[in-house]
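Throughout, read-outs are computed from the coordinates displayed, never taken from laboratory work. Please read all numbers here as calculations on a predicted model, not as lab measurements. Backbone-built Cβ (ideal geometry, glycine too); neighbour counts: all protein chains shown.
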């Protein structure tokens, strides 16, 4: 049972602690300097640099470059190859996986929003992670009515606006992390995975889904990402230990 999110400073040997029973979650504050952003850009592929240029605002370009560059650096530490030699492929829903190095048992997922990225790494087990900024304008009641289960939407409608937005994003991140773990993304249908939150811990459960047979093999956790962000982590394993690390450039 996960009862707290303690973000620790990593030591050089922590990459060896990743195992089938241990998950690593990394938090990245996307506020590095333009010089540091340029350093990470050198590790990106041509396709990734072209994608960065498609963002209209420099701020969004830098956040993509930082997230993808740090992802490459972390994978490089886990598998022992230079970050620039890593090659990715995307499934139809856009989930990244490794094609270089081949036959790696490393699984990973990444999410970023304004000011923060969360990255998760496992051995063998499918994983999904999501992070959202709390201080954002979102029509939570309308979205919940249209895309959440009737029970979730009815519960959120009973809350005052300030608490409702926070709780809405908690449900949203849990659902998105779970669907990303399955590899289907939002197209998998948010209404088909109803979330039950444990009031005494950060654990959550998927109650209703048309993929019922996979529920028992899943661990789902809320993440206290910071004062302005909320996150969630889903792992395709019924029992795992999660270690939380702060990325230090």
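Quick look at the numbers
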quantity	calculated
Fluctuation leader among 227, 194, 167 - the chain, Gaussian network, Cα springs under 10 angstrom	227
Alpha-carbon Rg/Rh ratio, for the range 107-193, with Rh computed the Kirkwood way	1.00
Estimated distance in nm for a label pair at residue 123 and residue 60, the labels positioned 7 Å out from Cα along Cα-to-Cβ	4.0
Cα gyration tensor shape of the range 105-249, rounded if a/c is under 1.5, else prolate or oblate by comparing a/b with b/c	oblate
Largest-first principal axis extents, alpha carbons of the range 7-246, Å	50, 39, 35
Neighbour-count order for 129, 99, 195, 86, fewest beta carbons within 10 angstrom listed first	99, 86, 195, 129
Ellipticity estimate at 222 nm from DSSP helix runs (n ≥ 4, -39,500 (n - 2.57)) divided over the chain, nearest 500	-9500 deg cm²/dmol
Relative contact order, percent, the chain [alpha-carbon distance under 8 Å, six or more residues apart]	26
GNM flexibility winner over the chain from 163, 53, 175 (Cα, springs under 10 Å)	163
The range 102-186, relative contact order in percent, only Cα pairs under 8 angstrom and at least six apart counted	27
Sorted by Cβ neighbour density within 10 Å, fewest at the top, the residues 172, 245, 7	7, 245, 172
GNM flexibility winner over the chain from 83, 102, 12 (Cα, springs under 10 Å)	12
Label-zone membership for the range 231-249, site residue 4, 7 angstrom Cα→C-beta point, backbone N under 18 Å	241-246
Spacing of the two label points (7 Å from each Cα toward its C-beta) at residue 162 and residue 103, in nm	5.8
Angle between the chain longest axis and helix 161-182 axis [Cα atoms, degrees, rounded to 10]	60
Alpha-carbon radius of gyration plus Dmax, which is the widest Cα pair, for the range 86-145 in Å	15.1, 45
Residues 77, 29 arranged by fewest to most Cβ contacts within 10 Å	29, 77
